[in-house]
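Here the structure is laid out as structure tokens; the discussion comes afterwards.
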Amino acid sequence: MRMLINVAETVVADALRGMAAAHPELTVDVENRVIVRRDAPVAGKVGLVSGGGSGHEPLHGGFVGPGMLSAACPGEVFTSPVPDQMVRAAAAVDSGAGVLFVVKNYTGDVLNFDMAAELAEDEGIQIAKVLVDDDVAVTDSLYTAGRRGTGATLFVEKIAGAAAEEGQPLERVEALARQVNENARSFGVALSACTTPAKGSPTFDLPPGDLELGVGIHGEPGRERRAMMTSGEIADFAVHAILDDMTPRNPVLVLVNGMGATPLLELYGFNAEVQRILVERGVAVARTLVGNYVTSLDMAGASVTLCQIDEELLRLWDAPVRTPGLRWGM
């Protein structure tokens, strides 16, 4: 196993210690597995808390900071964080204006955030929740009832985070987050399987020369396997799968996301194909983000996320943000 680690059992703790050393603007509680922006709680501001299994970096811990998340709860690799982490995070960021939980639609995450919401409310913290379920590839996959939550999580956290930074109330921040999720769709493709530190070998069998169309971010099966295709052919399949499920009437945000092991040279080339198809289909593009943002350890591949937006959502997307994984305007 060729990994830059000490032992599998301490991978997450080691990463958190390194994150703390690199980002003094964050408070990183290694023992309790909570990452909080150092100035939290901010008076009058809604707190945004998200989290999930480690291995998807920079999601979620890399999106903690002004203009985005107030706190994040990293679980073990591909494993949900526990309710105690979520309650601790909510308490750390609650200013009295309430806390929004952003939850990707995976059974463990949903159950644990539901329990955490009840516990936090027992402590007097007002909680709202938004479920992200943007993946059009499959329904009722492994770990999921309904559609999986993937790339749209970034859009939800950024836009809701900007609204919270402006001091908008919890009900409005929640409504904007729901609007983003309802108008976003994603589709992912794997060119190789990923390897978890605990297993030390690929998490699923993908023969050389094949690809998985519609893969999940934990390596869950997609729609089908095919022999390797060109970048243009993969983009055709992915974008048309999304547009078969949504008909944008407004411009869209585009995320071309790497799964962890695909270099930017390939991602930008893939983005060129995505943009070509959007032009052919008459879809206007407002903004495009290319890079590794919602990853799957060392998986080679990419995902495409489109989110239909209006003027307010675009303004909130463009608003300043300063996190380890996403920053502009500050």
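So the values come out like this:
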| quantity | calculated |
| --- | --- |
| Qualifying residue in segment 238-252 (condition: more than 17 Å from T150 (Cα to Cα), touching a Leu at 6+ places or on another chain (Cβ under 6 Å) and either of a type in the set (D, E, K, R) or not in a strand (DSSP E or B) (or both)) | no |
| Any hit, segment 78-100, residues being open to solvent by 30 Å² or more (accessible area, probe 1.4 Å) and within 22 Å of D298 (Cα to Cα) | yes |
| Only listed residue being at positive phi and touching a Ser or Thr at 6+ places or on another chain (Cβ under 6 Å), chosen from G214, G200, G219 | G219 |
| Where A145 falls short, out of the listed (1) open to solvent by 20 Å² or more (accessible area, probe 1.4 Å); (2) within 21 Å of D310 (Cα to Cα) | (2) |
| Residue check for G65: open to solvent by less than 10 Å² (accessible area, probe 1.4 Å), in contact (Cβ under 8 Å) with a residue 12 or more places away in the chain and touching a helix residue (DSSP H, G or I) at 6+ places or on another chain (Cβ under 8 Å) | no |
| Residue ID - nearest to V274 (Cα to Cα), chosen from residues in segment 164-187 that are crowded, with 24+ Cβ neighbours inside 10 Å and not polar (S, T, N, Q) | F187 |
| Qualifying residue in segment 267-275 (condition: among the hydroxyl-bearing types (S, T, Y) and within 20 Å of R178 (Cα to Cα)) | no |
| Single residue of segment 234-284 satisfying the filter (among the polar types (S, T, N, Q) and surrounded by 14 or more Cβ atoms within 10 Å (Cβ to Cβ)) that is farthest from D134 (Cα to Cα) | T262 |
| Of residues in segment 211-233 being among the acidic types (D, E) and open to solvent by 50 Å² or more (accessible area, probe 1.4 Å), the one nearest to T139 (Cα to Cα) | E224 |
| Condition check for R315: among the basic types (K, R) and either modelled with pLDDT of 95 or more or part of a helix (DSSP H, G or I) (or both) | yes |
| All positions within segment 109-118 that are crowded, with 17+ Cβ neighbours inside 10 Å and of a type outside the set (V, I, T) | D109, N112, F113, A116, A117 |
| Filtered residues of segment 112-155 (kept if in a loop (DSSP other than H, G, I, E, B) and either within 28 Å of R315 (Cβ to Cβ) or of a type in the set (S, T, Y) (or both)) | Q126, D133, D134, V136, T139, S141, Y143, T144, R147, G149, T150, G151 |
| Residue match in segment 124-138 (condition: in contact with a Leu (Cβ under 9 Å, 6 or more places away or on another chain) and among the acidic types (D, E)) | no |
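The values are calculated or read from the model by the stated rules, or taken from the named source; none is laboratory data. No experiment lies behind these values; they were computed from the predicted model shown. All Cβ positions, even for glycine, are placed from backbone atoms using ideal geometry, and neighbour counts span all protein chains on display. SASA here: full protein model, heavy atoms, side chains in, ligands and nucleic acids out. Shrake-Rupley method; radii C 1.70, N 1.55, O 1.52, S 1.80 Å.
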